[in-house]
Amino acid sequence: MTRPVECVAVDFGGTIATGGEVTPAAVNVLHELGRRGVRLVLATNVAAERDRMPALRSAGVAGLFAAVVQSYAVGVAKPDPRFYQQVLLHAGCDPGQVLFVGNNLDHDVIGPLAAGMRAVLFRSGALGAGDVPAGALQIGELAELLDLVDGRADDVGATELTVATVNLETGGWDGHHGQHYRLDLLPELVAQVPEVDVLLLQEGKEYGFRGQRLRFHAERLLSGFGLRSFMTRSTRGELHEVVFVRWPRLRPTAHYTPDLPGVFHDQIGWLRFQVDGLEGEVAIRSVQWASWNGDIRLDEAQKLTRYAAPGVAAIIGGDFNSLWPDCPGHQEFEPDWEALPPHKRLHKTLPPGLRPAGRLVSDRRALTVLAEAGFVNAGCLARDPTPTVHGTVDYGQGARIDHIVLSPSLAGALVPGSYRVWTGEPGERVSDHRMVSVRLDLDRLSKPGRLPP
């Protein structure tokens with residue numbers, strides 16, 4: 001291949017998806033292709049009632065595709081030559097710079113080759129000698145595609161930062177067995193997020209006991225991702241907050257823990273890092289706010305407002321146990337608090353004297369403070385109100401209470417289409433909260449990061 005691949009056109013069923021859902025392996029490959037700056041086009045035969053866009057959105061990859069060519073929408077199907085002309089129309093480059101990938105020899109190899117494109121047959125079983133046409137290749141694993149596509153610039157994505165947060169229920173403690181068995185599922189959960197750079201973890205139950213053995217066990221479990229840990233002990237119990245970062249991509253310069261002398265109340269839990277792609281430092285905080293008291297949550301929010309100052313690069317993520325104010329373009333899910341028993345209604349609702357007469361409503365005061373200070377909620381920018389807890393939480397009235405929040409100076413780095421709430425397995429087995437992730441492109445920022453003193 002003498003000319004660089006500018007565009008990859010992929011089939012859907014049997015290629016990037018199984019049973020109508022995009023596979024985890026495909027998610028990783030698509031994200032990596034996007035990171036390398038390769039233009040992606042979906043090219044598939046499908047009926048209107050089986051439109052593939054919902055599946056792409058569910059997998060968090062819809063925003064990676066520059067175009068979606070579906071037979072029902074364009075009026076022609078593979079192997080009609082007019083279908084491939086539609087693909088080339090959206091590819092935005094010469095046919096010889098388009099790599100077509102699929103599992104059907106006629107539709108995804110012979111047809112594209114006739115249109116002047118390159119082709120790769122994705123099929124696990126090897127074909128007989130001469131069965132793959134000249135000019136085409138065969139791969140058995142989708143990840144092999146990455147070896148065939150050179151990034152247009154090696155530094156594409158070098159300024160990107162992938163951030164994820166998860167409340168690991170009781171630190172992975174399995175009440176049925178009396179052990180932290182569910183902690184061992186953490187790598188499987190994290191593996192869904194391609195190249196995670198920052199993982200914010202809450203509810204590190206007993207991670208401070210016995211010389212922090214559980215914390216270091218978690219770090220060993222995630223060592224394959226290049227992550228190292230920093231723990232802030234809780235001042236209210238044994239549910240500690242942990243920040244994992246990819247080393248040496250992020251290099252620590254400060255960690256303010258409650259046991260250190262001279263640490264102010266609004267510094268506790270903050271970490272500072274030097275990071276490739278950002279002049280200055282970025283401040284990162286994992287939080288778990290009190291579930292039982294809105295006044296405590298309000299106090300926590302007021303301690304964070306200084307990090308919304310102009311020029312400050314700050315990331316806050318975790319379980320806020322609170323709803324964000326309604327966002328432009330969508331309303332947050334408001335739980336039906338009357339559906340909960342009386343003893344469960346009052347932890348996250350406005351207290352007597354502040355609530356509307358005769359009505360229970362969510363206490364959003366704390367996150368309203370952050371919003372008014374200028375912090376930006378990644379889920380709001382994505383217009384994605386997906387609940388971040390499972391359907392069994394709060395008697396089915398759980399909402400979006402886990403957030404990734406960015407300082408105003410960092411919000412412009414959010415990569416469109418990258419925000420995702422990870423539903424389904426393996427998360428359902430790991431915790432009662434869902435993992436949330438987002439990608440930031442630091443190259444979008446025009447000013448160096450600075451921090452409050």
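The values are calculated or read from the model by the stated rules, or taken from the named source; none is laboratory data. What you see is a predicted model, and the numbers here were worked out from it, not measured in a lab. Glycine also receives a Cβ, built like all others from the backbone with ideal geometry; neighbour counts cover every protein chain displayed.
Determine if the range 46-63 includes at least one residue that is assigned to a strand (DSSP E or B) and out of contact with any Gly (no Cβ under 7 Å at 6 or more places or on another chain). Don't jump to the end; show me each part of the working.
Pass one, the range 46-63, residues assigned to a strand (DSSP E or B): none.
No, every residue in the range 46-63 fails to be assigned to a strand (DSSP E or B) and out of contact with any Gly (no Cβ under 7 Å at 6 or more places or on another chain).
Could you tell me whether the range 85-103 includes any residue that is among the acidic types (Asp, Glu) and either in a helix (DSSP H, G or I) or without any contact (Cβ under 8 Å) to a residue 24 or more places away in the chain (or both)?
Within the range 85-103, the first condition is being among the acidic types (Asp, Glu), and the residues that meet it are 94.
From what's left, either in a helix (DSSP H, G or I) or without any contact (Cβ under 8 Å) to a residue 24 or more places away in the chain (or both): none.
No; the residues of the range 85-103 include none that is among the acidic types (Asp, Glu) and either in a helix (DSSP H, G or I) or without any contact (Cβ under 8 Å) to a residue 24 or more places away in the chain (or both).
In the range 30-80, which residues are hydroxyl-bearing (Ser, Thr, Tyr), at pLDDT 95 or above and under 30 Å from Ser437 (Cβ atoms)? Steps first, please.
First, pick out the residues of the range 30-80 that are hydroxyl-bearing (Ser, Thr, Tyr): 44, 58, 71-72.
Narrowing further to those that are at pLDDT 95 or above: 44, 71-72.
Hit for the range 30-80 is Thr44, nothing else.
His390: crowded, with 23+ Cβ neighbours inside 10 Å, in the same structural domain as Trp270 (by TED's automatic domain parsing), touching a helix residue (DSSP H, G or I) at 6+ places or on another chain (Cβ under 8 Å) and of a type outside the set (A, V, I, L, M, F, W, C), yes or no?
Values: crowded, with 23+ Cβ neighbours inside 10 Å: no; in the same structural domain as Trp270 (by TED's automatic domain parsing): yes; touching a helix residue (DSSP H, G or I) at 6+ places or on another chain (Cβ under 8 Å): yes; of a type outside the set (A, V, I, L, M, F, W, C): yes.
Criteria not met by His390.
Of Leu367, Leu440, Leu381, Leu360, which residue is closer than 25 Å to Gln274 by Cβ and either out of contact with any Cys (no Cβ under 6 Å at 6 or more places or on another chain) or modelled with pLDDT of 95 or more (or both)?
Details: Leu367 fails: closer than 25 Å to Gln274 by Cβ; Leu381 fails: closer than 25 Å to Gln274 by Cβ; Leu360 fails: closer than 25 Å to Gln274 by Cβ.
When all the criteria are applied, what remains is Leu440.
Applying the selection to the range 361-376, what residues are surrounded by fewer than 22 Cβ atoms within 10 Å (Cβ to Cβ) and either touching a residue at least 40 places away in the same chain (Cβ under 8 Å) or of a type outside the set (A, V, I, L, M) (or both)?
Start the filter on the range 361-376 by keeping residues that are surrounded by fewer than 22 Cβ atoms within 10 Å (Cβ to Cβ), which leaves 361-362, 364-365, 368-369, 371-374, 376.
Answer for the range 361-376, where residues must be surrounded by fewer than 22 Cβ atoms within 10 Å (Cβ to Cβ) and either touching a residue at least 40 places away in the same chain (Cβ under 8 Å) or of a type outside the set (A, V, I, L, M) (or both): Ser362, Arg364, Arg365, Thr368, Val369, Ala371, Glu372, Ala373, Gly374.
Determine if the range 379-386 includes at least one residue that is surrounded by 16 or more Cβ atoms within 10 Å (Cβ to Cβ) and under 27 Å from Arg236 (Cα atoms). Write out each step before concluding.
Residues of the range 379-386 surrounded by 16 or more Cβ atoms within 10 Å (Cβ to Cβ): 379-382, 384-386.
The next check asks that each one be under 27 Å from Arg236 (Cα atoms); those that pass are none.
Among the residues of the range 379-386, not one is surrounded by 16 or more Cβ atoms within 10 Å (Cβ to Cβ) and under 27 Å from Arg236 (Cα atoms), which makes the answer no.
Residue-wise test of (1) outside any helix (DSSP H, G or I); (2) surrounded by fewer than 15 Cβ atoms within 10 Å (Cβ to Cβ).
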{"residue": "Leu298", "(1), (2)": "no, no"}
{"residue": "Ala301", "(1), (2)": "no, no"}
{"residue": "Arg306", "(1), (2)": "no, no"}
{"residue": "Ile315", "(1), (2)": "yes, no"}
{"residue": "Gly318", "(1), (2)": "yes, no"}
{"residue": "Leu323", "(1), (2)": "yes, no"}
{"residue": "Glu332", "(1), (2)": "yes, no"}
{"residue": "Pro335", "(1), (2)": "yes, no"}
{"residue": "Glu338", "(1), (2)": "no, yes"}
